[in-house]
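Inspection log for the structure reproduced underneath, given as structure tokens.
Every read-out reported here was derived from the displayed coordinates using simple, explicitly stated rules and does not represent laboratory data. Model, not experiment: these values are computed from the prediction. Don't worry about glycine lacking a Cβ; one is built from the backbone with ideal geometry, like all the others, and counts go over all protein chains shown.
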Amino acid sequence: MLSLVEHPNLVDLIGYCADGEQRILVYEFMANGSLENHLLELPPGRKPLDWYTRMKIAAGAAKGLEYLHDFAKPPVIYRDFKASNILLDEELCPKLSDFGLAKIGPTGGKDHVSTRVMGTYGYCAPEYASTGQLTTKSDVYSFGVVFLELITGRRAIDTARMTEEQNLITWAQPLFRDRKKFTLMADPLLKGNYPVKGLYQALAVAAMCLQEEADTRPLMGDVVTAIEHLATPRDDEKVASD
């Protein structure tokens, strides 16, 4: 699949090795590992990602999906968008990796492709999980899950939490409906160092991506535009810790 696509936010496939039944793909080296290592598995002593770095990572990852959906020929549905598949280079620029579950998008006038193989639990869109029908809007839902992980610092599925908080989306849905509780959704590791308006706007984007009905979710191009705006600091922004 990687031989068909090329974009700054997709890992480069350098080559492959074949020896008997052994097959090895060789990718470019990504010095900072995965987003998961910096967000969900933070080791002692490592500084948490600041707000604008999180937004820049989200914007870059969104651009990778936008390219696959709207500019790759034929279009590609990534299908396994999650924090561990977003790799970071020396400057924390994100690149999507592991295209093992990617599928060529629908052709011949069809609006979906069907598959029995699911992506990762907690990131799959509800219509994909229930019917096996896959569209680019399935990727949009998965992006919404990861974007919410970036905002909250919580895993999509975390069995170490209380039962009612183990599923990130189930926990977040009632909070989405009450603006007074939006600040409760910000990652505590940010210690209030984020723009309040930016948090509200980011949560609004996440909520749109996580709509139950696929048709009501935005296109990745619209998501890119919204998050690029959030990734740029503004002098007039009020920070929560002020």
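Observations on the model:
- Likely footprinting exposure, 196, 26, 140, fewest C-beta neighbours within 10 Å first: 26, 196, 140
- Counted charge near residue 127, where neighbours are those whose Cβ lies closer than 11 Å (Asp, Glu -1; Lys, Arg +1): -1
- Dipole moment magnitude, nearest 20 debye, the chain about Cα centre, only Lys, Arg, Asp, Glu C-beta charged: 520
- Sorting 198-204, 87-93 by their mean Cβ neighbour count within 10 Å, with the most densely packed peptide first, gives 198-204, 87-93.
- Dipole of the stretch 29-230, positive end: most advanced residue of 87, 190, 72 [Cβ charges, Cα centre]: 190
- Taking other Cβ atoms within 10 Å as a rough exposure proxy, 36, 164, 28 sort from fewest to most as 164, 28, 36.
- Most tightly packed first, judged by the mean number of other beta-carbon atoms within 10 Å of their residues, the peptides 225-233, 76-84 read 76-84, 225-233.
- Computed from backbone phi, the HN-Hα couplings of the stretch 85-93 come to 9, 9, 9, 10, 8, 4, 9, 6, 6 Hz, rounded to whole numbers (Karplus: 6.51 cos²θ - 1.76 cosθ + 1.60, θ = phi - 60°; Gly and Pro given as x).
- Entries of 63/180; 56/191; 82/197; 47/197 with Cα pairs more than 21 Å apart: 63/180; 82/197; 47/197
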